[in-house]
Every structure is written in C-alpha cells, then in structure tokens.
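For reference, the structure discussed in these notes is given below.
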Amino acid sequence: MAHHNDFGKIAENLAADYLQKNGYKIKARNFRFKQNEIDIIAEKDNQIIIVEVKARSTDAFMLPQEAVTKTKIKSIVSAADHYMEEFNKDQEVRFDIISVLPDDNKDLIIDHIKDAFQAFDAN
C-alpha cells in the first residue's frame, strides 16, 4: 500500500476518534454506493453527519478541504441519499469536512469544518 494511502487511513482513524470524543456516534465507515464512498457517517443530536476526511502531508499546494470539488460533493451526496433510503432514515443531514495536516512539529492537527457544504451544492 502506498504511503499516502496509509496516511489517509491514519487520518480517518484520527477523525473517527475525534468525533467519538466529541459525542458523535459512528454509524458507518467507508460506506459505498456504486463508485461513491463516504468516509464516516456519524450521528449526533438526532442529526446524520456525513464526514469527508481530507489529509495532506503539507498545505503547500492547497488546504485539504479545497480538494472537495463539486464532483466530489455530487459523489458524497449521492451516497448519502442512498444511505438514508437504505436505512430508512428521516433525520436532518449535515455535511462536514475534517482536514488533517501536520504542524511544524509534525503533530497531526484536526480541523473540523461543520456544515462545510449543502446537498444543493452538488447541482
């Protein structure tokens, strides 16, 4: 497995731990629908939280959250719609991004961007 894939998994694990420590219940990880994937599906305050985890070893070129393009948003929203139908959920859905970047000391810093985009941003 390539180093960036390892780092991505480390970032997803950090994000899941962070969410749990902050009162979120993890409902699913790496949920797939066709070729679409949601990194983490969580629940808090009777809301379904769809979380895209973005990790970079540096922010020299772009911030991790800037990598969530309109195409990626469409993919996430499509998978989220399928999840809500498959599990008969009727709660409100929120789309968050968690970015993971190393600081100057190489410690990994988590930035949780709540309500990062809306389903209609996929149009």
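The values are calculated or read from the model by the stated rules, or taken from the named source; none is laboratory data. The model shown is predicted, which means the values in this text are computed figures rather than measured ones. Neighbour counts run over all protein chains shown; Cβ positions are idealised from the backbone, glycine included. Keep in mind that these areas ignore ligands, DNA and RNA; they rest on the heavy atoms of the full protein, side chains included. Shrake-Rupley method; radii C 1.70, N 1.55, O 1.52, S 1.80 Å.
With respect to GLU52, is the statement that it is surrounded by fewer than 17 Cβ atoms within 10 Å (Cβ to Cβ) and not hydrophobic (A, V, I, L, M, F, W, C) true?
No.
From the list ASP107, ASP111, which residue is over 15 Å from the mean Cα position of the chain (by Cα) and under 23 Å from ASP17 (Cβ atoms)?
None of the other options fit; the residue is ASP107.
Kindly list the number of the only condition in (1) within 17 Å of ASP39 (Cα to Cα); (2) among the basic types (Lys, Arg); (3) surrounded by fewer than 18 Cβ atoms within 10 Å (Cβ to Cβ) that fails for ARG94.
Against the list (1) within 17 Å of ASP39 (Cα to Cα); (2) among the basic types (Lys, Arg); (3) surrounded by fewer than 18 Cβ atoms within 10 Å (Cβ to Cβ), ARG94 comes up short only on (3).
Taking THR69 and the conditions (1) of a type outside the set (Lys, Arg); (2) closer than 30 Å to ASN105 by Cα; (3) touching a residue at least 12 places away in the same chain (Cβ under 8 Å), which numbered condition does it fall short on, given that it satisfies the others?
Going through the list (1) of a type outside the set (Lys, Arg); (2) closer than 30 Å to ASN105 by Cα; (3) touching a residue at least 12 places away in the same chain (Cβ under 8 Å), THR69 breaks only (3).
Would you check if THR71 is open to solvent by 40 Å² or more (accessible area, probe 1.4 Å), at pLDDT below 95, closer than 22 Å to ASN13 by Cα and hydroxyl-bearing (Ser, Thr, Tyr)?
no
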